[in-house]
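Chemist: After the structure tokens below, expect a handful of questions from me.
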Amino acid sequence: MAIQNDLSKQSKALKIRSDDAVAIHDDSARSPDEGTSDSKPSWFTPKRCLCNESPFRCLSLLDGFLDSILSVKLPERKPNSQPSRFTPKSLSLLAIFCVINLINYIDRGAIATNGVNGSRGKCTADGKCTPGSGIHFLVMYLSLRMASRGHFNLSNFEDGVLSSAFMVGVLVASPIFASFAKSYNPFRLIGVGLSVWTLAVIGCGGSLNFWMIVVFRMFVGVGEASFISLAAPFIDDNAPVSQSYRIDFEHLDDILKAAWLGIFYMCIPTGIALGYVYGGLVFHLYAAIFTIISSQVGVHLGWRVAFFVEAVLMLPFVILGFVIKPLNLKEALIAGKKVGILAGNEKNNDSSLDKTPLPKDKVKPLNQFTRFWKDLRALLREKVFITNVLGYVAYNFVIGAYSYWGPKAGYGIYHMKNADMVFGGMTVICGILGTIAGGLVLDRMSPTLSNAFKLLSGTTLLGAIFCFAAFWSRNLYGFIALFAVGELFVFATQGPVNFVCLRCIEPSLRALSMALSTVSIHIFGDVPSSPIVGVIQDHLDNWRVTSLILTSILFLASAIWFVGIFLKGEDKFNKDNEGQAAADINSNLTPLPEGETIPTKAQEFV
């Protein structure tokens, strides 16, 4: 009899486990669109655990239930939220933006090289002048033909102005593009801006004098403005989250976002470094043409080829900007919902809002201007944003001068024959490794504003120490080793600094935040730094001392970011997501029938 009871119990247990397996299989096989009438899966109920199962079996079923909630039955994401995994669409978007950013900074690096920018010509006391190379050759060549004097070389200050001219276009156009992004398709705006960029680069290659190049460099800034203020918010919207759903739910939506931003901003040092190499190759091409064919061909081709090739490389992305399927930034969608709610239109709860931007005829220029100033005031009241940008300004002051004067300083201090190639190689390797490492370390630390400031301050301090020691070194190989380590730490800031810019403010201000940040770091950072360093070098005539003075400003950047650690800031992006989710839940609630009440937890459990 006892044996029969044991067999009966075992048979019953096997049947329950078989039913559980079938239920789990059916539940996991159900398509995401198929709903269930009960909030709990059919294979688990508290009553069943208490009445029919042992405590250990009940805990096992509960563990399976929780595992299914965490791993299988995740809520379906809305169209305007971040994708939960790497998709071809999101990867293509990242790749497009990275290549555009790369080409933009290749241009920035190429114009700083000895090959494109060139070297100054020299004139003797008796009036005999030897022309230089590159753009300096252009100025000297035309001056010798148009005047009887031969002393029209560019000073270091004028050379620095050439590197800063693009900022005029960035300053004027960035706020305009950021404001229009709320009512017009941002990809079309990028297409317009890149069209201006391409034409301006062609104009640089066809310039006949120095001031023509300066004007065209300003229009290069207009094209850059359309891209820099819109690309980062797009990436932030489409970056995937981690597939490990058991970790840190509080920051789930931030996982990998900093890494994706790091990949995007990795293109800045990589592009500049490739520009160094590219400019050096142009120099050798120029020398070959100048020597083998004729001086006239050398004058009219040479460094000009660099700009023409850049225009050809950017042309496919200009076309993409006009033909790619329209995508909308999150802030444009939020603005559309707010307008619909204020208008009292009940249809705004429909999912079509996630796909439809604001009607163009509803947005008037005066309203756009008023909204722009309102957004600007809100942005300037954010202490975290201001602190981050101030540190970024000091940081970019140094990096901008490094990128423009680095090859010339290396040649002046250590007499490098291939300074363009050496600086280019170091910057490519250290820029890629440092930028990716910065984003990954921030992800590992848990991407919060406070942790981002800790990473910014620490890496900048270490980078400043190594770069300062590098320029102090008297040995070429010691300089290369120390400067490479310094660059590795310095470039680790790219992901975290832009993460703070995007997350310390409301999502509706992200495009303006990126635009204002970019304008600030240029107008107060690398734009004045190149001419100022040129003036210091003209006065001291010592590249080692000039470089040490410049590097010391990195310590100031580290101190400013250190202050940011103690500021009370919150991630406004996640806060907005939580508020939107709560609003969606409330909108889907239906009132209880008359006479019914919500059951208590004890009643529900039984």
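Chemist: What are the semi-axes of the equivalent ellipsoid of region 360-486, taken as the square roots of 5 times the eigenvalues of the Cα gyration tensor, listed largest first and rounded to whole Å?
Modeler: Details: eigenvalues 292, 78, 38 Å².
For region 360-486, the semi-axes come out at 38, 20, 14 Å.
Chemist: Now for a different question. Which of the pairs LYS182/LYS383; LYS182/LYS568; LYS325/LYS374; LYS374/LYS454 have their Cα atoms more than 26 Å apart in this structure?
Modeler: Exceeds cut-off: LYS182/LYS568; LYS325/LYS374; LYS374/LYS454.
Every number in this text was worked out from the coordinates using simple rules, so none of it is lab data. Because the structure is a prediction, the values reported are computed rather than measured.
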